[in-house]
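Q: Pasting a structure here, questions to come.
The values are calculated or read from the model by the stated rules, or taken from the named source; none is laboratory data. Being a predicted model, the structure only gives us computed values, none of them experimental. We place every Cβ from the backbone using ideal geometry, glycine too, and count neighbours over all the protein chains shown.
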Amino acid sequence: MRGSGWTPSIVPSGHDENVYLVEDCFGRKGCVWRETDSETTDLETVIADLMSGQYHDPRRVIAFNTAERWSEDVSEDVAREIQRRADLANEDVSSTIEAFVERHTRPERQMTLGLA
């Protein structure tokens, strides 16, 4: 029997799949792992939700797979994919995720100075 400290898993039982969660911040109210339907924790849905402004101030994206027993901060990969998609569409990154993309891609996108 489970003790009173038990909480149900957010991962569908019996599935070996990667799950992606977004940490979203709300200023002085703090940051939260956004609640989401277990069917929409795949990478493509998370990227689409980020790009469509579903988050207030996304800080990071964590991926995990309980069957394989790993977790990883994939914020940089997600930010680079968002930037790649915006570049391919010849569009600017949405203002709702601009800070997220800049925070996780800044070093590689640094401009070089041309010396005369």
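Q: Which pairs have Cβ atoms under 7 Å, sit 6 or more apart or on different chains, and link a residue in the stretch 19-43 that is at positive phi to one that is of a type in the set (Lys, Arg) and modelled with pLDDT under 95?
A: Once the first residue is at positive phi and sits in the stretch 19-43, no partner that is of a type in the set (Lys, Arg) and modelled with pLDDT under 95 comes close enough.
Q: Let me ask you something else. For the stretch 1-81, which strands (runs of 3 or more DSSP E) that fit wholly inside it have 3 or more residues that are surrounded by 16 or more Cβ atoms within 10 Å (Cβ to Cβ) and either out of contact with any Asp or Glu (no Cβ under 8 Å at 6 or more places or on another chain) or modelled with pLDDT of 90 or more (or both)?
A: Once the strands (runs of 3 or more DSSP E) in the stretch 1-81 are filtered for at least 3 residues that are surrounded by 16 or more Cβ atoms within 10 Å (Cβ to Cβ) and either out of contact with any Asp or Glu (no Cβ under 8 Å at 6 or more places or on another chain) or modelled with pLDDT of 90 or more (or both), what remains is 19-25, 58-65.
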